[in-house]
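Taken together, the values in this text are just the output of simple stated rules run on the coordinates, not laboratory data. Since the model is a prediction, treat every value here as computed from it, not as a measurement. Counting neighbours? That spans all protein chains shown, and the Cβs are built from the backbone with ideal geometry, glycine included.
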Amino acid sequence: MSAGEEVIGVAPVAAPAPRPVRLSPLVATLLTAAGLLALWLAASSFGWVSPVFLPHPAKVLAAVGRLVGAGYVDGTLFEHAAASLGRVFSALAFSILVAVPVGLAIATSPVGRGILDPLVEFIRPLPPLAYLPLIIIWFGIGEGSKVLVIALAMLAPIAISTAAGVRSASESQVNAARSFGAGRLAVLLHVQLPSAIPSILTGIRIALGAGWSTLVAAELVAASRGLGFMIQSAAQFLVTDIVIVGIFVISALAFAFEALLRLVERLFVRWSGHH
Amino acid sequence: MTELRLTNVSLSYAHRQGFGALTTTRVLQRVSLALAPGEFVAVIGRSGSGKTSLLNLAAGFVAPSEGRAVVFQDDALYPWLSARDNVAFPLRLAGVGRDERRARAAELLRQVGLVAETDRAIWELSGGQRQRVGIARALAAKPDFLLLDEPLGALDAMTRERMQELLLAVWQTSGTGVLLITHSVEEALFLGTRVVVLAPDPGRIVADRHFDFSRRYLAGEPARALKAAPEFIAAREALIAAIHADEAMTA
């Protein structure tokens, strides 16, 4: 602009800087998955890795078809998955029935805390393979032992998150109930337990993760069905494609239940975080 | 109707720092306070003068008692219940049937000016609305004495003034006795038929006076005019002097 020139009207504004391209999380996830798949495809197509270690994706896909139709080691994919789901959810039901009262006792009674807290902390860090032999010696090789191995891994997260949730009820929330004549049991049922529910749900999510990761160990115990059993049997004969299918199915199931629990949280505990 | 009476009450808390010796702090020293049925007593005092300890004693959190309901500063509502179910909570504990407690809760919410909010979630309500739910819930217990632990402390000035007027209306219709803990001298003076001043170290009563500003408001005098009246201002300054009397001596 030369001197003396008159600017009339709207002053010139610098053109808006081009917006930096922002990756949405979903796009980032999809790109990562596609990238890994491409890497896998390349590795097996160009023979970078032996097919025994990493079979071609097409072969894995074919294995899915074989598993769904003819099955592997005396069971179709659905039968193996159903057996594993049954174990994980029996274990979950058992752990909720045991661990929620344990967590309530830890949070509400000093004696309860004295007795139960060390026990929970004792089993919490134990790897399932460490107590597996004892479970077999004590309880045999039946279905109960498999469920127990998984349940032991689930107890601690649920108990700890229940105790933490109970403590999240504020002193005045408890005192308010007491001023209306609530005894200890009524305070527990009407105030402390409801306020613990979001935390318990989080505990269940963590416990399910622990449960799925214990599945293979549990199915080491004389199983004849189950995804863990299927993976181990396939591993013994280096049938890598079946192993990979098993891993993907476990992962997909765990992901589906995680999504389901998050949905339950969103629908039923909308008040969570609004204390 | 019972009366609320504390006679020669002293209260100490024992505490230990790290592995050090056990020390005790006396928070209340030989305090006597009796509330007649229907009386509105406001308790003021500096921080640490034992106001909340006094209320806790009256509420029975230290030793059990009956016929008292508390409204807390942090509202202490249950966010998993709707406004109506929060108000119905004491009735549920008392074993009142579902339909009756829902109807009574709705009526109490109407009394505190919440009609559209009856079935709203607690976390959707404003601070003032939440305190109204807390007051309605306390009234649901049909207490002989309503104990208010700085229920208006967290509200903005405008909401606070409206809530003061609401408290007086509720006091008038319910006929319950009220023990109000507050930091605000003006609030104590406007609401209380009696104002009790506590001083700290250890907490003790240093003044206990009767006022009639609340009754004059209920008789129709406008709130702002009352609060600007010379006798109100004189009483306010006298109370402030009483609150700080011991401070001047030690300073």
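Tabulated values for the structure
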item: Percentage relative contact order, chain A, counting C-alpha pairs under 8 Å, at least six apart; result: 22 percent
item: Percent of beta bridges antiparallel (DSSP, the protein assembly as shown, rounded to nearest 5); result: 50 percent
item: Formal net charge of residues neighbouring A:A107 (Cβ-Cβ distance under 14 Å; K, R +1; D, E -1); result: +1
item: Overall form of chain B per C-alpha gyration tensor (a/c, 1.5; a/b vs b/c); result: oblate
item: Over chain B, relative contact order from alpha-carbon pairs under 8 Å, at least 6 apart, %; result: 25 percent
item: Long-range HN-HN contacts of A:G71 with modeled amide H, under 5 Å; result: A:L77
item: Eligible aspartates and glutamates near B:K142 by straight Cα distance, threshold 19 Å, same-chain separation 8 or greater; result: B:E3, B:E39, B:E66, B:D75, B:D85, B:D99, B:E100, B:E107
item: Rounded to whole Hz, the Karplus (6.51, -1.76, 1.60) HN-Hα couplings of region A:234-251, x for glycine and proline; result: 5, 4, 4, 9, 6, 7, 4, 5, 5, 4, 5, 4, x, 4, 5, 5, 4, 4
item: For A:178-188, mean number of other protein chain Cβ atoms within 10 Å; result: 5
